[in-house]
Amino acid sequence: MIKFAVSVLCAAAVAGMLAPASALAQQAPVPAVNESGSPAFDKLRNEAIAKKVPLVIYLTGSSWCVYCNIFTDKHIKERTFKRSSGKKFIFWMVDTRQAPGRTPGSFTFQFVPEEAGKVVGCIGSKAPYVVFGPPAVIILDPVSGKMIKKMVSQGDMDKEGKSLPAVIEECWKNFQKEGQKTA
């Protein structure tokens, strides 16, 4: 019964029924370079800055989230994604585990690595990048820390009609063009 309730809550969160769209806004200021409190994030952000590519964060619940496992199989394990990762973008997979809540059917997320919770989080988090819950892909400009795009479900990917690396590349090119227009 609890597994069913968790599945329903995850599906509702992904569908956006548990919180208003405004809750997707960034909750905390974007951390300055090397000041996030997460050594893993800082290292990857520095690598993305050096390579002049976007930083992509993937929030997943690989051991318990059916939607995450489908998303991972369809997009993250794809050959073109593996070829592009590290070259066209820097990739950070943040896994979540469920920690039992105080009431039946409630839970909180534990992040792997634990420090990731200082950077990315679910609704109610004070992290700079907040999503409804896994699965979620966040594309960042590593220099400014600005969120370029986020996709919070398979439905978002279906709307794109492209592979995940193609979406990342297109977002990055558009972001760079916008930056050149304002400069």
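Nothing in this text is a laboratory measurement; each read-out follows from the coordinates by a stated rule. As the structure is a computational prediction, the values presented were derived from the model and not from experiment. We place every Cβ from the backbone using ideal geometry, glycine too, and count neighbours over all the protein chains shown.
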### Message
Going Cα to Cα from Lys173, which aspartates and glutamates come in below 12 Å? Please leave out same-chain ones fewer than 8 positions away.
### Response
Asp141
### Query
Which far-off residues, 5 or more places away or on another chain, put their amide H under 5 Å from the one on Ala136, with H placed in the peptide plane?
Leu59
### Inter-label distance for Glu160 and Ala40, nm, one decimal - labels placed 7 Å from Cα along Cα-to-Cβ
2.1
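Once the piece of chain linking Lys74 and Lys126 is laid out straight, how much longer is it, given 0.36 nm per residue of separation minus the C-alpha distance between them?
Once the chain is fully extended between Lys74 and Lys126, it gains 15.7 nm.
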### Task
Output the pairs from Lys126/Lys181; Lys126/Lys149; Lys126/Lys162; Lys51/Lys149; Lys82/Lys181; Lys87/Lys177 with a Cα-Cα distance over 30 Å in this structure; if there are none, say none.
Lys126/Lys181; Lys126/Lys162; Lys82/Lys181
### Summary
Calc'd 3J(HN,Hα), the stretch 81-89, phi into Karplus 6.51 cos²θ - 1.76 cosθ + 1.60 (θ = phi - 60°), Hz, glycine/Pro = x, comes to 5, 4, 5, 7, 4, x, 10, 9, 6
### Query
Quick one: if you stick a label point 7 Å off each Cα along the C-beta vector at Val30 and Arg83, how many nm between them?
3.1
### Query
Tell me, what HN-Hα J-couplings in whole Hz come from the Karplus equation 6.51 cos²θ - 1.76 cosθ + 1.60 at θ = phi - 60° for each residue of the stretch 55-62, using x for Gly and Pro?
9, 10, 9, 10, 9, 9, x, 4
### Task
Could you compute the FRET efficiency for Asn174 and Lys51, with r as their C-beta to C-beta distance and R0 at 22 Å, rounded to 0.05?
0.75
